[in-house]
1. Only one residue in LEU80, LEU99 is aliphatic (A, V, I, L, M), in a helix (DSSP H, G or I), modelled with pLDDT under 95 and loosely packed, with under 10 Cβ neighbours inside 10 Å, so which one is that?
2. Just to be sure, is ARG72 surrounded by 10 or more Cβ atoms within 10 Å (Cβ to Cβ), modelled with pLDDT of 95 or more and either not in a helix (DSSP H, G or I) or not β-branched (Val, Ile, Thr) (or both)?
3. It is to be established whether one or more residues within segment 45-63 are in contact with a helix residue (DSSP H, G or I) (Cβ under 9 Å, 6 or more places away or on another chain), charged (D, E, K, R) and in contact (Cβ under 8 Å) with a residue 24 or more places away in the chain.
4. Can you say whether ASP12 is modelled with pLDDT under 95 and in contact with a helix residue (DSSP H, G or I) (Cβ under 7 Å, 6 or more places away or on another chain), as far as the supplied structure shows?
Amino acid sequence: MINIDTKSFILDKYYNEHDKPTNIAKKLNVNPSYITKIIKNDTRYIQEKEYRAQISRENRKIAKRDWIRSKRQSEADKQLYEFVKQQHIEASKEFCLILLK
């Protein structure tokens, strides 16, 4: 049988502190499915689920934006490297021609 204090602890951690069921289960040394079962019986479950989905979407957008930015930066770095490399080759050729004169 579930203790009222335990149930209120679970609900508080999940809904107020937005902790994951697996983390709560580890703290209480119980199965995560037990935590999920208690959480799903609460009236706030659907609203919390939508909130967490929205947060997850926003985090994915930020991660995607950062990935694109870093990919573009690395491509720009490669182009700059090739440009500098080509200039170095041309300068070396010119220097050799000057030495041969």
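The values are calculated or read from the model by the stated rules, or taken from the named source; none is laboratory data. Note that this is a predicted model, so its numbers are computed, not measured. Glycine gets a Cβ as well: all are built from the backbone with ideal geometry, and neighbour counts include every protein chain shown.
1. Matching residue, one of LEU80, LEU99: LEU99.
2. Working: surrounded by 10 or more Cβ atoms within 10 Å (Cβ to Cβ): yes; modelled with pLDDT of 95 or more: no; either not in a helix (DSSP H, G or I) or not β-branched (Val, Ile, Thr) (or both): yes.
Here the answer is no, as ARG72 does not meet what is asked.
3. Yes, there is a match, as at least one residue in segment 45-63 is in contact with a helix residue (DSSP H, G or I) (Cβ under 9 Å, 6 or more places away or on another chain), charged (D, E, K, R) and in contact (Cβ under 8 Å) with a residue 24 or more places away in the chain.
4. no
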